[in-house]
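Written out below as structure tokens is the structure these notes cover.
The values are calculated or read from the model by the stated rules, or taken from the named source; none is laboratory data. All figures in this text were calculated on a predicted structure; none of them were measured in a lab. Methodologically, a virtual Cβ is constructed for each residue, glycine included, from the backbone with ideal geometry; neighbour enumeration extends over all protein chains shown. Protein only, heavy atoms only, side chains kept; ligands, DNA and RNA dropped before computing areas. Shrake-Rupley method; radii C 1.70, N 1.55, O 1.52, S 1.80 Å.
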Amino acid sequence: MTYVEQMAGFVGRASYDDLSENARRQFKIRVLDAVGCAIGALGGEPIRAIQAQVADFGGAAHCALIGGGRTAPDRAAFHNSALVRYLDFNDSYLAKGETCHPSDNLGAVLAAEYAKGSGRDLLTALAVSYQVQCRLSDAAPVRAKGFDHTTQGAYAVAAGVSKALRLDHAQTAHAIAICGTALNALRVTRTGALSHWKGLAFPHTAFCATHATFLAMRGVTGPLEVFEGNKGFMDAIAGRFEINWDREDLERVTRTIVKKYNAEIHSQSALEGVLDLKQEHGFTASDVQRIEIEIFDVAYHIIGGGEEGDKTLVRTKEQADHSLPYLIAVAVLDGQVMPEQYESARIARPDVQTLLRKVSVSALDDYSRRFPEEMPCRVTVHLSDGRRLVQEKRDYEGFHTRPMVWETVVEKFERLSSGRTDPGLRRQIVQAVDQLESIQAADLAQLLERVAKNRTQVAAPEELRLNSSIPYGEEIDHDSGC
């Protein structure tokens, strides 16, 4: 068999019964975390554009949209994945040469509501996506070659959606082959002057890969030598690697990590460190002479001003989230890093723009060697009175060595979703995720569809075509005639 046919065999064999009790619990934590991120993202600037496009283009009402409405599976995958991803607050997986966000796959797997599967089917399909994306990140990193982590995501979406749709071995292999051939994204997405595409690159992959998987379901074939063939993935991008799909389990979720702060994943331990110091010593921004962050090389290069560009020029949400100087500065000023720290007015204020220039970032070889088993860093705050405050961290609450518990994730979900839902609907969503193996996938999807209707008056699709500035889930002032 070709390599992609071996992967298809793994997808076909995967079963809910293969999941350990810990993995099942961890998947529920990731689902609730991702759903909270999605609800919290309603109203975001690019989300409004996506909602207007979905409303304009239409689509058979097979699948629920988080926040209200229904559309075709591929468009639902794009819309719902964009919501999960936009805040950049969902989970991550750290490999030596790659970082990805496996819950990005949830929007596509939810779109398989089309197949009328159970909650167990949903969890199994999601587990397949996680395993494929994480293991390809381990064995075949592409960041250093100039490609984005959504490249491995294409294989993961195809595998997960194939599982959810119950495709046979041949259909699954062709779906993965098509997606792996067609969706090789460039790393420029996350370098230089960051744009909306930083948060939409994986949703676009989810859209295209879901679309292609349905084509494979209907008999469209793809190049089965996508991995090992002439000018295939190994030849053109990744180099040679080996994964024995006959021996793979569904446990990689237990190595994924949940974000404590609404910030790029590699910043989490440094943020916890500076906030620990602030709480312990009670200093303010006006007391700070300078702040030194010593951290592992991946963090330095992505968010610290290394090879992916200057991180002191911060004007947009996307730039702020990928700037360790901004994140440290706003944490000191506001005592938190949550969605409100990315409002345009907050980013532009002189206090944070001044303080971020007092933050220096450097990489230590010892810390780099310890990554990704740890997320080591040392935070040193130099105060104007001569004091020197130091905090060293090896992980943070949410890392796999200090996993975030269900109750804490429920609190995060409540905080992110309270502005869009009433307490009753939030309790129903939490309960549905907690009992996901006992319900139908459509039961969860229908609760998420109710989010906007539960709290607000929602514009009809025709209204959205005429006025794309009205997003789903935003209150409409009827007195104004909108």
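Odds and ends about this structure:
- The helices (runs of 4 or more DSSP H) found wholly in the stretch 340-424 and carrying at least 2 residues that are closer than 15 Å to Val274 by Cβ occupy 350-355.
- Pairs linking a residue in the stretch 308-330 that is closer than 16 Å to Gly273 by Cβ to a residue that is open to solvent by 20 Å² or more (accessible area, probe 1.4 Å), with Cβ atoms under 7 Å and 6 or more positions apart or on different chains, are Leu324/Val361; Pro325/Thr312; Pro325/Val361.
- Any hit, the stretch 365-385, residues being buried (at least 18 other Cβ atoms within 10 Å of the Cβ) and either at pLDDT below 95 or in contact with a Pro (Cβ under 8 Å, 6 or more places away or on another chain) (or both): yes
- Residue list for the stretch 304-321, restricted to those being of a type outside the set (D, E, K, R) and surrounded by 24 or more Cβ atoms within 10 Å (Cβ to Cβ): Gly304, Val314, Ala320
- The single residue among Gln391, Gln353, Gln336 that is of a type in the set (S, T, N, Q), over 17 Å from Val298 (Cα atoms) and buried (at least 17 other Cβ atoms within 10 Å of the Cβ) turns out to be Gln391.
- Some residue of the stretch 12-33 being in contact with a His (Cβ under 7 Å, 6 or more places away or on another chain) and either open to solvent by 40 Å² or more (accessible area, probe 1.4 Å) or among the hydrophobic types (A, V, I, L, M, F, W, C) (or both): yes
- The residues on offer are Asn184, Asn262, and the sole one that is in a loop (DSSP other than H, G, I, E, B), open to solvent by less than 10 Å² (accessible area, probe 1.4 Å) and either free of Cβ contacts under 8 Å to residues at least 12 places away in the same chain or out of contact with any Cys (no Cβ under 7 Å at 6 or more places or on another chain) (or both) is Asn262.
- Flag for Ala49 being buried (at least 22 other Cβ atoms within 10 Å of the Cβ) and closer than 21 Å to Thr205 by Cβ: no
- The residue of the stretch 89-101 that is farthest from Asp33 (Cα to Cα), among those that are in contact with a Lys or Arg (Cβ under 8 Å, 6 or more places away or on another chain) and part of a loop (DSSP other than H, G, I, E, B), is Gly97.
- The stretch 288-303 - residue that is assigned to a strand (DSSP E or B) and open to solvent by 20 Å² or more (accessible area, probe 1.4 Å) and, of those, farthest from Thr189 (Cα to Cα): Gln289
- The single condition among (1) in contact with a Gly (Cβ under 8 Å, 6 or more places away or on another chain); (2) open to solvent by 10 Å² or more (accessible area, probe 1.4 Å) that Glu280 does not meet is (1).
- Residue count for the stretch 221-259, restricted to those that are crowded, with 22+ Cβ neighbours inside 10 Å and free of Cβ contacts under 8 Å to residues at least 12 places away in the same chain: 0
- On inspection, Asp104 does not qualify as open to solvent by 10 Å² or more (accessible area, probe 1.4 Å) and part of a helix (DSSP H, G or I).
- Flag for Arg218 being over 26 Å from Ala112 (Cα atoms) and either open to solvent by less than 10 Å² (accessible area, probe 1.4 Å) or without any contact (Cβ under 8 Å) to a residue 40 or more places away in the chain (or both): no
- Tallying residues that are of a type in the set (S, T, N, Q), surrounded by fewer than 22 Cβ atoms within 10 Å (Cβ to Cβ) and under 20 Å from Met7 (Cβ atoms) within the stretch 107-160 yields 0.
- Scanning the stretch 85-101 for residues being farther than 20 Å from Thr254 by Cα and of a type outside the set (D, E, K, R) gives a total of 2.
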